[in-house]
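Notes for the one structure printed next.
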Amino acid sequence: MSDSNAPGQTKHVAQADPFPEQLASALGLSFRDIDLLRLALTHRSVAHELRSATDHGVPGPLELSNERLEFLGDSVLGYLVAMDLYLRYPLAPEGELTARRVSLVRAERLVGWARSIHLEDYLCLAQGERVSESPRDRILGGGFEALIGAIAIDQGIEAARKFVQPFLDHDVEGALLENLAANPKGQLQEYLQEHYRQPPVYRIIDVAGPEHARLFTAEVLAEGESLGTGQGESKRLAEQAAADMALIRLNHRVQPTPARTVRKRRKPNPAKGSSELHG
């Protein structure tokens, strides 16, 4: 293999490239089987490229890619996150633990963790394949899970936990706030399921304004009792506003918002001036 290759360029798993060793050193890991880490860094596109370049003798994509390690890493990460949350929050109900876990293992967060260790510089990709700028980039998220799987196989679950722990410690407190504050309907459903064992019921009680500028009013109910109303420029936004008002009324809002009408963002129109939100 040429020494001119740089991190992020196409590399083949069969070649003794130095990038797995470099990543292990950067992360402070010592692999007994460095080929396992090399496999974790190898995207399936490499196997497809090799198969198309030869007539026979090349293993299939599962044997030359990180897909199986990604599968394992996903399960290992789920277990480690669940265990951490269970021990970290001994009084938290199941609904809150679930909300935190969902937020911590979502694709955007995995990609963020992968970028924080510059994983994109070490991945082995086929010619023409590259990591995108998307916060949900499938290659990066899968590579991070595959890395966890490789650590678990090579060094055990405890080593995988030590690798994952700093990421959890950094993000665990903000995870629930990010997830719930941005999703009042989800937060209200969690609350009502926990306390009343039933989901909220939404209904549109008024539609006002011209056809091109509708304003919907939604009401949310539990056990037939109205918990709050809200307005928005679509049924979905009106329901979010109603859920937000219900949470305020129940004193269960993660971050109270002064606006009870949810409107879409619009570019300012100089001819008309700025418009105000209805309170």
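Only the coordinates and a few stated rules stand behind these numbers; no lab work does. Keep in mind that this is a model prediction, so the values were computed, not measured. Cβ coordinates were reconstructed from backbone atoms using ideal geometry, including for glycine residues, and neighbour counts include every protein chain displayed.
Where Lys and Arg each count +1 and Asp and Glu each count -1, what net charge lies around Leu97 among other residues with Cβ under 13 Å from its Cβ?
Summing Lys/Arg as +1 and Asp/Glu as -1 gives -2.
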Going fewest to most other Cβ atoms within 10 Å around each Cβ, Thr98, Thr42, Thr229 line up as Thr98, Thr229, Thr42
Find, among the GluC sites (Glu not before Pro) in the range 88-189, those assigned to loop by DSSP (not H, G, I, E, B) with at most 13 other beta-carbon atoms within 10 angstrom.
Glu133
Net charge near Ala114: determine it from the other residues with C-beta under 14 Å of the C-beta of Ala114, scoring Lys and Arg +1 and Asp and Glu -1.
-4
What percent of all Cα-Cα pairs in the range 19-181 falls in each 5 Å bin, counting up from 0?
1, 9, 17, 21, 19, 14, 9, 6, 3, 1, 1, 0, 0
Output the Kirkwood hydrodynamic radius of the range 118-218, Cα pairs only, in Å rounded to one decimal.
18.5
